[in-house]
Amino acid sequence: MEHADLLVIGTGQSGLATATLTPRHGFAHALVLEADEVPCGAWPRYYDSLTLFSPARYSSLPGMRFPGDGDRYPTRDEVVDYLRAYARRLTAEIHPSTTVASVTRQSGAWSVRAEEGREFHARALIAATGDYRAPYIPDLPGRAEFAGRVLHAAGYRSPAAFAGQRVVVAGGGNSAIQIAAELGAVADTTLATRRPIGWMTQRPLGKDLHWWLKYTGLDVAPIRCLLEKAPVSVLDDGRYRTALHEHGVDQREMSTRFTPDGVVWARRHEGDGRRGRPRD
Ligand SMILES: Cc1cc2nc3c(=O)[nH]c(=O)nc-3n(C[C@H](O)[C@H](O)[C@H](O)COP(=O)(O)OP(=O)(O)OC[C@H]3O[C@@H](n4cnc5c(N)ncnc54)[C@H](O)[C@@H]3O)c2cc1C
């Protein structure tokens, strides 16, 4: 069994930033446990075209500037490179290829057992495991009978595999919009959302939204509950709205159920039957 002051599980941006800051909070010896072979979090699993919605200058972790022009929106691969470089500079010890299987608390201390059989012990523990390793697909009515392919955004890489097909993208957040915008160029694409998309201009008056949040102090103001209720789900500098429009992406209220060869829409739209039929 290995002992430490603190165990951090996960080396995404949360785990790495936490491990950097913990010495100043009295945890001299931290161990960081990571299931993947190379520390970096969910980023290598994201789709190829993903770019950050936070500019580089607002994407730095403590102690290391994100390189390059601070106003640009870095790509997925730039974030991967940055996080890997950040992990290499960390003074805390990282244990890669160590998948935590169980966490228990006994006599005020934490015991962690990894799938590989190793055990770790510490007085404090931080779980920074994200959610990308366990993508959730809701069990929509009729899904078992649907003969087409159902894919979570975590399993999507690029539009090429969908060329010429009919695809429904379900969701109204950044991932769904970005994926629908690029699929629209090669596939007959419908974007289905539960409520109208909450567009937010990425650069009001020419400055990125993150700049305004910092300038006004709203980034640290206790307004979380207000923000959670705000109808904002997508940040866009205009390119995604334009792409949806130019590619003729059909936008509808979420379907109510699957059929064996398609979905049933909540409402009839002009010029179509009641059923949409995504083909695999
Ligand atoms: C379209 C899109 C755009 C985004 N744009 C931005 C942006 O502009 N700016 C921004 O800051 N964020 C952005 N994000 C969000 C960002 O990607 C996530 O919030 C971030 O990756 C979460 O980091 P994390 O460290 O919490 O988790 P993750 O990155 O998911 O890392 C979790 C780590 O824990 C490890 N782990 C999990 N389970 C175990 C286990 N049992 N044992 C050991 N290790 C384990 C995983 O392997 C992984 O390395 C975006 C996301 C998307 C989808």
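In a reduced charge model with +1 at each Lys and Arg Cβ and -1 at each Asp and Glu Cβ, the chain shows a dipole moment near 680 debye about its Cα centre. Residues Ile197, Ile126, sorted by accessible area with the largest first, give Ile126, Ile197 [1.4 Å probe; ligands and nucleic acids excluded].
With 0.36 nm allotted per residue and the present C-alpha distance subtracted, the Glu2-Asp71 stretch has 20.5 nm of extension available. Which of rounded, prolate or oblate describes region 1-157 when judged by the alpha-carbon gyration tensor and an a/c cut-off of 1.5? Here region 1-157 falls in the oblate category. Per residue, the solvent-accessible area of region 1-124 (1.4 Å probe, heavy atoms of protein chains only, all protein chains present) comes to 49 Å².
Computed about its Cα centre, the charge dipole of region 1-102 is approximately 300 debye, with only Lys, Arg, Asp and Glu carrying charge at their Cβ.
Annotation: per residue accessible area for region 205-260 equals 71 Å², rounded to a whole number [probe 1.4 Å, protein chains only]. Element breakdown for the chain at a 1.4 angstrom probe: carbon and sulfur atoms account for 52% of the accessible area.
Charging the Cβ of each Asp and Glu at -1 and of each Lys and Arg at +1, and nothing else, the dipole of region 199-257 about its Cα centre rounds to 120 debye. Residues Trp265, Trp110 ordered from highest to lowest accessible area at a 1.4 Å probe: Trp110, Trp265. The DSSP beta bridges internal to region 58-210 are antiparallel in roughly 70% of cases. Coordinate range of the alpha-carbon atoms in region 9-84 per principal axis, descending: 38, 25, 15 Å.
Within the chain, antiparallel bridges make up roughly 40 percent of the DSSP beta bridges whose residues both belong there. Once the C-beta distance of Val103 and Leu205 is scaled by a Förster radius of 51 Å, the resulting FRET efficiency is 0.60 to the nearest 0.05.
On the beta carbon distance between Thr242 and Asp219, with R0 = 30 Å, the FRET formula returns roughly 0.60. Extension gain, Tyr132-Val264: 0.36 nm per intervening residue step, less the Cα-Cα distance, totals 44.6 nm. Rolling a 1.4 Å probe over the protein heavy atoms leaves His210 with an accessible area of roughly 40 Å².
The values are calculated or read from the model by the stated rules, or taken from the named source; none is laboratory data. Owing to the predicted nature of the structure, the values given are computational and were not obtained by experimental measurement. Reconstructed Cβ throughout: ideal geometry from the backbone, glycine too, with neighbour counts over all protein chains shown. For the accessible areas, the whole protein counts, side chains as well, though only heavy atoms, and no ligand, DNA or RNA atoms are used. Shrake-Rupley method; radii C 1.70, N 1.55, O 1.52, S 1.80 Å.
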